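The values are calculated or read from the model by the stated rules, or taken from the named source; none is laboratory data. Every value quoted in this text rests on a predicted model; they were computed, and no experiment measured them. As a convention, Cβ positions derive from the backbone with ideal geometry for all residues, glycine included, and neighbour counts pool all protein chains shown. Note: areas computed on protein heavy atoms with side chains; ligands, DNA, RNA excluded. Shrake-Rupley method; radii C 1.70, N 1.55, O 1.52, S 1.80 Å.
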Amino acid sequence: MLKVLIVCKENKTAKKIINNIIVNNNDLRIVGIANTLEETKNLFKTVESDLIITTNRNVVDLIKNKFLAHRPAIVLISKNKKINTRTRKLLKLDYSLSFSEMSKKISVFIKKHITSQEEEVAKILSRLGFDFKLSGTLFLLDAIVYGRTYKSTYCFETLVKDLYDYVAQNNNTTINRVKWSVERSINYMYNRHTKESYTYVEKCFNIKYPEKVTPKLLINVLVNNLG
């Protein structure tokens, strides 16, 4: 399910979007509503969203220029047909469209352009050779997705420690258990490979077989360079 942040100057406009677009799409869930850019900035620092639906043109520049750690897709509903803004994952909708037409276009846009953080990370872990039957792989998934959303608050030296702490609390376990499970999962991934099949791992982490990827390197690369 995609998490949606709505940014509109008037609450009545936000209400119309919710009642005519959000409620008709089972894949969307509201995580916040903002009326001003300042409210948007404050919300975006604490609320993870996959999609922003807004009538405020300045939100596009705000996300593009201020937030580098995580950039959600944006649906901009505007009366201005000549907006030349170019950014990744942006859908511009004319204000005169019916809500039915908007809903259809947004649905197509979501299917074509938006992949959730979790799905994106899971695909890469699968391609690297990780086994999702192991708890360590699921812990890695949690850590990387969380780290990508809030990576501006972490530094390389404390990245793993901080994320392991989050994963441990989120899964009602201990940091040591998370650490052991992640290391086991990485070792299992390594042992599944031959020199010939190790190419993608080498490319991702700039290492050469038989060198193993460390938890810190793996998490740092996927948090900071994915997508």
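So here's what we get for this one:
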{"item": "Pairs where the first residue, in the range 40-61, is in contact (Cβ under 8 Å) with a residue 40 or more places away in the chain and the second is among the β-branched types (Val, Ile, Thr) and surrounded by fewer than 20 Cβ atoms within 10 Å (Cβ to Cβ), C-beta under 7 Å, 6+ apart", "result": "VAL47/VAL31; GLU48/THR149; SER49/VAL31; ASP50/ILE114; LEU51/ILE114; THR55/THR13"}
{"item": "Pairs, first free of Cβ contacts under 8 Å to residues at least 24 places away in the same chain in the range 89-113, second among the small types (Gly, Ala, Ser), C-beta under 7 Å, six or more apart", "result": "LYS92/SER78"}
{"item": "Number of positions in the range 100-120 that are part of a helix (DSSP H, G or I) and either modelled with pLDDT under 90 or open to solvent by 70 Å² or more (accessible area, probe 1.4 Å) (or both)", "result": "14"}
{"item": "Those residues of the range 34-61 which are β-branched (Val, Ile, Thr), over 20 Å from the mean Cα position of the chain (by Cα) and open to solvent by less than 60 Å² (accessible area, probe 1.4 Å), in sequence order", "result": "THR55"}
{"item": "Residues located in the range 183-227, provided they are touching an Asp or Glu at 6+ places or on another chain (Cβ under 8 Å), part of a loop (DSSP other than H, G, I, E, B) and open to solvent by less than 70 Å² (accessible area, probe 1.4 Å)", "result": "LEU226"}
{"item": "Candidate set: the range 63-94, residues that are of a type outside the set (D, E, K, R), exposed (fewer than 13 other Cβ atoms within 10 Å of the Cβ) and over 18 Å from the mean Cα position of the chain (by Cα); chosen: the one modelled with the lowest pLDDT", "result": "ASN84"}
{"item": "Extreme residue, farthest from ILE106 (Cα to Cα), among residues of the range 1-25 that are loosely packed, with under 14 Cβ neighbours inside 10 Å and free of Cβ contacts under 8 Å to residues at least 24 places away in the same chain", "result": "LYS12"}
{"item": "Selection count, the range 167-181, where residues are open to solvent by less than 70 Å² (accessible area, probe 1.4 Å) and within 14 Å of VAL145 (Cβ to Cβ)", "result": "2"}
